[in-house]
Amino acid sequence: YLLVLVAVVAAVWAEQFSYEGYKVFRLNLSHENQLRALASFNKNEIVDFWSSLRFDGNPIDVMVKPEMQHIFGWFLNVNSIKHEILIDNVQDVVQKERVMQQRAPRMPQGRISFEKYNKHDEINAYLEQLARDHPDVATLENIGKSYEGRDLKILKISTDPSANKPVIFVDAGIHAREWLAPAQATYIINQLVEVAENRKLLDKVDWYVLPVVNPDGYEYTHSNQRLWRKTRSVGQRCIGTDANRNFGFHWGEIGASTDECSDTYMGKSAFSEVESQAVRDCIWKYKDNIKLYLTFHSYGRYLLCPWGFTSAFPDDYDELKALGDNVAYTIRRVKGTIYTVGTSTNVLYAAAGGSDDWAKGVAGVQLAYTIELPEGGSWGFDPPPHQIMDHLPETWEGCKAYNHYIGAKF
Ligand code: ARG
Ligand code: ZN
């Protein structure tokens, strides 16, 4: 019996991807040429860049597997790139986080905690409970299933669905490893539905929230490979598509990979992924009412507006920028967190096939933003569980500023 148990445990462990020996380098560039050298190194995707490749004074974090560390170190020296070791062994950090996750108190079914990162079924159970407890404001809609068959559920929050109020559409978790994003979306739901004094925000505005766009990937990061980013659809050679390169607007033109094994693989066709299809169909269904689209990612502290496929500015850029600046200012007032506001191409990088570009360019949702939440913890993607609540409330203040703008404008 014990032997069987040991065998089962061993099998489960064997399945888990190990980051043993992986290191994260933090690079500080002093010259544009170094950026160009890095960019060419990046082409082969033998290292994993966590920060955007820019020459803007910010450090660049890059994860390097053991067998590449020698050549990467040599490359850094040849190009005189200043660097430090940010994480000496990524697996230690994965392990530590797992322990913290397990220590967090268990919640009764249907209740939610913001002291840990919740699994997809816990988040869905919470949405169901809210719809049961608060039928006056919360309705659940199934908008499809993920590749592996998980339910994609959107919570519609409205005090009067027949009033045709302007809608703020929120999604999160299109990238699996960015755990803070679903937490943020769930917190928005919690505030709107469960906090009485926030009900007045719904006088003029409805909110539709999809907390986990990519539940297969999200679950995979919990159980197997912490830093997985893509969906889990099975390809010829590799698994997964970057769903945020998969939307059908200037699809694949720039900043996306045609290589199935790449972390930014654009997919075999536009909307090849059922998850991006579900978001597309839902936004399309409500497009006449949706006035603002917010899609949450981590990390970097950016409020990004279209376009991500070109460096050209949309013709209403002034409004997008002014609203973004206003939200950034509101967030900054809470505890000093500073966001950068601008178009994806101009302040971060060019990447076509993003959901924000599609929402604006095709569905006609005039105001669209990708929100890159603050970095936290040892690897940036997420603060440790007990620090989640240091981050969620300030972003919620920003959401209230968005709510105010939409309520006043429409
Ligand atoms: N970090 C995000 C990503 O890589 C940024 C997306 C911004 N939007 C865009 N259309 N490029 O997906
Ligand atoms: Zn992301």
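Observations on the model:
- 10 Å-binned pair-distance histogram of region 327-374 (Cα, whole percent): 23, 46, 27, 4
- Cα convex hull of region 177-216 - mean projected area over all directions, nm²: 3.1 nm²
- For region 193-251 and region 265-282, distance of Cα centres in Å: 12 Å
- Choice from Thr139, Thr241, Thr370 showing the highest fluctuation, given a GNM over the chain with Cα pairs closer than 10 Å: Thr139
- Within-14-Å neighbourhood charge of Gln16 [Cβ basis; K, R +1; D, E -1]: -2
- Each other residue within a Cβ distance under 14 Å of Lys204 adds +1 if Lys or Arg and -1 if Asp or Glu, for a net charge of +3.
- Close amide H partners of Leu292, meaning residues 5 or more places away or on another chain with modelled amide H under 5 Å apart, are Val167, Phe169.
- Only Cα pairs under 8 Å and 6+ residues apart enter the sum, and on that basis the relative contact order of region 80-157 stands at 17 percent.
- At full extension, Arg106 and His134 could sit 7.8 nm farther apart than now, given 0.36 nm per residue minus the alpha carbon distance.
- In plain terms, the chain from Arg26 to Glu253 could stretch by 78.8 nm, reckoned as 0.36 nm per residue minus the Cα-Cα distance.
- With K and R counted +1 and D and E -1, the other residues having a Cβ less than 12 Å from that of Arg150 yield a net charge of -2.
- Whole-Å semi-axes of the ellipsoid equivalent to the chain (Cα gyration tensor, √5λ, descending): 33, 27, 20
- In the chain, Cα pairs under 8 Å separated by at least six residues give a relative contact order of 15 percent.
- Pair-distance distribution P(r) for region 145-246, from all Cα-Cα distances in 10 Å bins starting at 0: 15, 40, 25, 16, 4, 0 percent.
- Percent of C-alpha pairs per 10 Å bin in region 349-410, short distances first: 18, 33, 35, 14, 0.
- Pairs from Lys165/Lys360; Lys43/Lys321; Lys285/Lys321; Lys65/Lys96; Lys165/Lys287 whose Cα-Cα separation, in the structure shown, is over 22 Å: Lys43/Lys321; Lys285/Lys321
- When the Gaussian network model of the chain links Cα atoms closer than 10 Å, the mean-square fluctuations of Phe309, Phe169, Phe17 top out at Phe17.
- Residue-averaged 222 nm ellipticity for the chain, from DSSP H runs of 4+ at -39500 (n - 2.57), nearest 500: -11500 deg cm²/dmol
- Candidate membrane-span-like segments in the chain, meaning DSSP H helices with Cα atoms spread over at least 18 Å of their own axis and a Kyte-Doolittle mean of 0.5 or above, are 2-15, 180-194, with no membrane implied.
- In the chain, excluding the sites themselves, the longest stretch lacking any of the trypsin sites (Lys or Arg not before Pro) that are in a DSSP loop with at most 14 other Cβ atoms within 10 Å is 269-410.
- Choice from Leu152, Leu53, Leu304 with maximal GNM fluctuation in the chain (Cα, 10 Å cutoff): Leu53
Rule-based calculations on the coordinates, nothing more; no lab input. Since the model is a prediction, treat every value here as computed from it, not as a measurement. Ideal geometry is used to build each Cβ from the backbone, glycine not excepted, and the neighbour counts take in all protein chains shown.
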